[in-house]
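Undergrad: Here it is, the structure in full.
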Amino acid sequence: MRDKVLGMSSDLKEKVTDIRRKIHQNPELSFKEYETSKFVQNELERIGVSFQTGIAGTGVVGLIQGKNPESKVVALRADMDALPIQEENDISYKSKNTGVMHACGHDVHTACLLGSAEVLNSLREEFNGTVKLIFQPGEERLPGGASLMIKDGVLKNPSPTGIIGQHVYPELPVGKIGIRSGMYMASCDELHVEIIGKGGHAALPHLCIDPVLIASQIVVALQQVVSRNGNPATPSVLSFGKVEANGATNILPDKVKLAGTFRTFDEDWRMRAHQLMKEMATGIAISMGGQCNFDIGVGYPFLSNDQRISETFRNSALELLGSENVVDLDLRMTAEDFAYFAQEIPGCFYRLGVAASENEKAPGLHTSTFNVDESALEVGMALMAFSCVKELSH
Ligand code: NI
């Protein structure tokens with residue numbers, strides 16, 4: 001099986017590279033993946049895989065039935081959306097859509113899964129069970145395509161007993177993959193804080209209620225929630241990346257807006273922290289004569305990789321790629337909506353190395369110059385297919 005998967009993936013390398021470039025050139029924003037969805041459907045049709053459309057809007061779900069299709073079902077997931085970034089790469093397949101770019105590698109994920117689908121469909125007489133292919137919309141935007149697909153019943157009829165997803169990783173060279181069993185990625189919430197004071201001449205602060213000073217106190221004070229109320233053994237991070245105060249050297253504004261993110265790895269603590277931050281911010285504003293509206297956009301939950309399925313996956317990766325190419329990952333404070341799937345059924349989310357070499361890291365995710373070494377496509381498609389067959393036979 002190993003050699004067959006590797007051989008077929010090698011044969012499909014050029015085709016999948018072409019697919020990736022087409023998707024890269026025509027990126028679409030979250031929940032607007034209309035052409036990408038159609039493209040995926042056409043490819044599945046060409047391969048001869050049956051599929052359903054319209055799940056969470058542009059989502060596509062394919063089914064590949066092996067022998068005894070009812071014996072076990074395993075899902076493989078790829079996301080299809082791009083980001084609102086203007087591409088600055090000078091490449092032949094540069095984004096044609098102004099201000100939109102596949103800067104998070106979802107083009108790679110979708111292309112790899114189509115390649116895996118072709119491999120698995122050719123091998124369907126050689127494994128037991130059913131493969132569910134999930135092409136999801138809107139990973140980059142709340143409420144997350146995964147949660148909407150689950151609401152639309154993607155984990156039913158038939159119900160998978162496990163799910164595997166991959167994400168490109170610029171910090172690892174091509175040929176290597178990373179995996180972490182258990183807690184892996186953080187929950188992620190958006191904080192939108194509005195501080196209302198009373199503007200006026202900056203030289204006459206006693207006649208004003210200065211929202212800039214209130215906001216400054218709040219930004220500093222809220223760090224105490226993380227450092228004094230949170231259990232130090234549970235990683236948490238609070239960052240405010242946006243502070244909007246449209247006054248001037250001699251004008252105090254009427255209000256200030258803050259926007260930030262709170263991330264952690266414990267659901268109870270997460271909800272308690274929300275409450276504490278609200279109370280502290282409101283209390284500070286009131287004590288200084290102002291007001292505070294504190295809104296929290298509750299985002300993705302934390303992502304925990306199931307121990308059992310991750311172990312099976314790790315063994316598959318070791319067999320396919322060799323022990324020198326399977327790396328243990330650290331916790332990450334970034335978030336992924338794959339977490340919704342992993343909350344419902346045992347999940348395994350791993351990282352695909354895409355840097356040209358050990359010393360030459362790829363440009364960062366979500367930057368205008370992000371790109372991958374395309375030899376990663378062969379590794380990604382082979383590993384998704386191979387680990388799926390192994391999981392089916394577990
Ligand atoms: Ni991504």
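Undergrad: With r as the distance between the Cβ atoms of L318 and Q86 and R0 = 45 Å, compute the FRET efficiency 1/(1 + (r/R0)^6) and round to 0.05.
TA: My answer for the efficiency is 0.65.
Undergrad: Report the relative contact order of the range 1-81, percent, no decimals, based on alpha-carbon pairs under 8 angstrom and at least 6 residues apart.
TA: 25 percent
Undergrad: 5 Å is the cut-off here: which amide hydrogens, built 1.01 Å from N in the peptide plane, fall below it relative to E374, excluding neighbours closer than 5 in sequence?
TA: Amide H neighbours of E374, under 5 Å, 5+ apart: none.
Undergrad: Any idea of H394's accessible area? Nearest 10 Å², probe 1.4 Å.
TA: Here the residue's solvent-accessible area equals roughly 120 Å².
Undergrad: When the Karplus curve 6.51 cos²θ - 1.76 cosθ + 1.60 is applied with θ = phi - 60°, which whole-Hz ³J(HN,Hα) does each residue of the range 343-355 get, with x for Gly and Pro?
TA: So the Karplus estimates, Gly and Pro as x, are 7, 8, 9, x, x, 9, 10, 10, 10, 9, x, 10, 7 Hz.
Undergrad: Over the range 189-297, with every protein chain in place, what whole percent of the accessible area is carbon and sulfur at 1.4 Å, could you tell me?
TA: 53 percent
Undergrad: Please list, ordered by chain and number, the residues whose modelled amide H lies under 5 Å from the amide H of V168; skip anything fewer than 5 residues away on the same chain.
TA: Amide H to amide H, under 5 Å and 5 or more residues apart or across chains, V168 pairs with L352.
Undergrad: In what sequence, highest mean first, do 352-365, 231-244, 97-110, 194-207 appear when ranked by Cβ atoms within 10 angstrom?
TA: 97-110, 352-365, 194-207, 231-244
Undergrad: What does the net charge come to around R351 if you take all other residues with beta carbon closer than 10 Å to its beta carbon, with K and R at +1 and D and E at -1?
TA: +2
Undergrad: Related question: Mean residue ellipticity at 222 nm from the helices of the chain, using -39,500 (n - 2.57) per DSSP H segment of n ≥ 4 over the full residue count, to the nearest 500 deg cm²/dmol?
TA: -11500 deg cm²/dmol
Undergrad: Using a 1.4 angstrom probe on the protein heavy atoms only, could you order R351, R46, R314 from most to least accessible area?
TA: These residues rank, largest area first, as R46, R314, R351.
Undergrad: Another one. Extending each Cα 7 Å along its Cβ direction at V237 and A203, get the distance between those two points in nm, one decimal.
TA: Those two pseudo-labels are separated by 4.5 nm.
Undergrad: On a full-extension model of 0.36 nm per residue, what is the gain between Q291 and E279, subtracting their alpha-carbon distance, rounded to one decimal in nm?
TA: 3.1 nm
Undergrad: Excluding residues fewer than 8 places away in the same chain, name every one of the lysines whose C-alpha is closer than 27 Å to that of K156.
TA: Of all the lysines, those that pass the test against K156 - Cα under 27 Å, at least 8 places apart if same chain - are K32, K38, K67, K72, K132, K390.
Undergrad: Give the relative contact order (percent, whole number) for the chain; include only Cα pairs under 8 Å separated by 6+ residues.
TA: Working: 924 pairs, mean separation 96.7, N = 394.
Relative contact order here is 25 percent.
Undergrad: Quick one: grab the alpha carbon gyration tensor of the range 189-297, order the square roots of its eigenvalues as a ≥ b ≥ c, and give me rounded if a/c is under 1.5, else prolate or oblate depending on whether a/b is larger than b/c.
TA: Details: a/c = 2.72, a/b = 2.34, b/c = 1.16.
It is prolate, given that a/c is not under 1.5 and a/b is the larger ratio.
Undergrad: For K257, give me every one of the lysines with a C-alpha distance below 17 angstrom, ignoring sequence neighbours fewer than eight places off in its own chain.
TA: K198, K242, K278
Undergrad: Sorted by accessible area with a 1.4 angstrom probe, largest first, how do R141, R228 fall?
TA: Details: R141 135, R228 180 Å².
Heavy-atom accessible area, descending, gives R228, R141.
Undergrad: Apply 1/(1 + (r/R0)^6) to the Cβ-Cβ distance of M183 and S375, taking R0 = 22 Å, and write down the FRET efficiency to the nearest 0.05.
TA: Values: r = 31 Å, r/R0 = 1.40.
Once the sixth-power term is evaluated, E becomes 0.10.
Undergrad: I want the local charge near G59. Using Cβ-Cβ distances under 9 Å, sum +1 for each Lys or Arg and -1 for each Asp or Glu among the other residues.
TA: Local charge sum for G59: -2.
Undergrad: If you line up the long axis of helix 211-224 against the longest principal axis of the chain, both from Cα atoms, how many degrees apart are they, to the nearest 10?
TA: Approximately 50 degrees, to the nearest ten.
Undergrad: Please arrange Y93, Y34 by accessible surface area, largest first, computed with a 1.4 Å probe and ligands excluded. Mind dumping the intermediate values first?
TA: Numbers: Y93 15, Y34 130 Å².
Result, largest first: Y34, Y93.
Undergrad: Of the GluC sites (Glu not before Pro) in the range 62-120, which ones lie in a loop per DSSP and count no more than 10 other C-beta atoms within 10 Å? Before the final figure, lay out each step's value.
TA: Values: sites: E70, E87, E88, E118; in loops: E70, E87, E88.
Taking the range 62-120 and a limit of 10 other Cβ atoms within 10 Å, the loop GluC sites (Glu not before Pro) found are E70.
Undergrad: Counting alpha carbon pairs within less than 8 Å and at least 6 residues apart, what relative contact order, in whole percent, applies to the range 189-297?
TA: That works out to 43 percent.
Undergrad: Can you tell me the length gained on complete extension of the stretch T367 to N97, counting 0.36 nm per residue apart and subtracting the Cα distance?
TA: Working: separation 270, 0.36 × 270 = 97.20 nm, distance 1.60 nm.
Result: 95.6 nm gained on full extension.
The values are calculated or read from the model by the stated rules, or taken from the named source; none is laboratory data. Small disclaimer: the values here were computed from a predicted structure and weren't measured. Ideal geometry is used to build each Cβ from the backbone, glycine not excepted, and the neighbour counts take in all protein chains shown. Surface areas here come from the heavy atoms of the whole protein model, side chains and all, with no ligands, DNA or RNA. Shrake-Rupley method; radii C 1.70, N 1.55, O 1.52, S 1.80 Å.
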